1. Taking the conditions exactly as written (closer than 22 Å to SER6 by Cα and in a helix (DSSP H, G or I)), does GLN142 satisfy them or not?
2. Could you tell me which of the residues ALA68, ALA98 is hydrophobic (A, V, I, L, M, F, W, C) and out of contact with any strand residue (DSSP E or B) (no Cβ under 8 Å at 6 or more places or on another chain)?
3. Only one of these is over 31 Å from the mean Cα position of the chain (by Cα), assigned to a helix (DSSP H, G or I), within 16 Å of the ligand (Cβ to nearest atom) and assigned by TED's automatic domain parsing to the domain that holds VAL11: PHE89, PHE85. Name it.
4. Which of the residues belonging to region 26-70 are among the charged types (D, E, K, R) and either within 25 Å of ALA99 (Cβ to Cβ) or more than 12 Å from the ligand (Cβ to nearest atom) (or both)?
5. In region 73-82, how many are part of a helix (DSSP H, G or I) and either in contact with a strand residue (DSSP E or B) (Cβ under 7 Å, 6 or more places away or on another chain) or closer than 13 Å to PRO31 by Cα (or both)?
6. If you scan region 147-179, which residues turn out to be among the acidic types (Asp, Glu) and either under 47 Å from the mean Cα position of the chain (by Cα) or on the phi > 0 side of the Ramachandran plot (or both)?
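The values are calculated or read from the model by the stated rules, or taken from the named source; none is laboratory data. Because the structure is predicted, anything quoted here is derived from the model rather than measured. Cβ coordinates were reconstructed from backbone atoms using ideal geometry, including for glycine residues, and neighbour counts include every protein chain displayed.
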Amino acid sequence: MITLNSERGLVRIATWDDIESVPGFTADIDPKTVKLKEIIGSYTFDALIPCGLSTCHQPHGNGFLVVAADGRATNIGRICGKKHFDVEFTQMSRVFLAAVRAQQNREFLGELKNRLPGITTEVATIRTERHGAAWINTRVSQLTGKSTALPTPLINAVRQAVRRGDGILIIERAATKQEREE
Ligand SMILES: [Zn+2]
């Protein structure tokens, strides 16, 4: 996978062939005669790709796509980049990675924003559907005595059951004469 930071934003490319068609791409650049302009991409592949520096050409699994001041582009590994272009390369990779992160954040926020109407609808459904949250809330208010729809002994029994957490409703009443005698 290749992540390209272009004017169009972040572009993800699946194959290396697409990179070879990038304008100015060359698989051979002499680090001594070239001045780096910027890092435009990073890549990770299972297949190893030879480093674009003429002094190296070692196969790398991952690295950066760089553009030179003269418009040529090539791929180099991180270690090669640091070795040949020093602090400048480190700085450029920082700028590139920050741009990628910023773009990823924008994409994430965009997706989230797209999902919001759906989530709002879902919440409204949960609240208003048959036996939904609004319905439950009204029943709870009645059972716990926040509204006066039920007789006080029943409300008290519910409150005690809630306190005990066992769901058993106990309603006290005076024993009948027969019960007392037994
Ligand atoms: Zn190299």
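1. Details: closer than 22 Å to SER6 by Cα: no; in a helix (DSSP H, G or I): yes.
When the stated conditions are applied, GLN142 does not pass them.
2. Only one candidate passes the filter, namely ALA98.
3. Exactly one residue qualifies, and that residue is PHE85.
4. Passing the criteria: ASP30, LYS32, LYS35, LYS37, GLU38, ASP46, ASP70.
5. 4
6. Passing the criteria: only ASP166.
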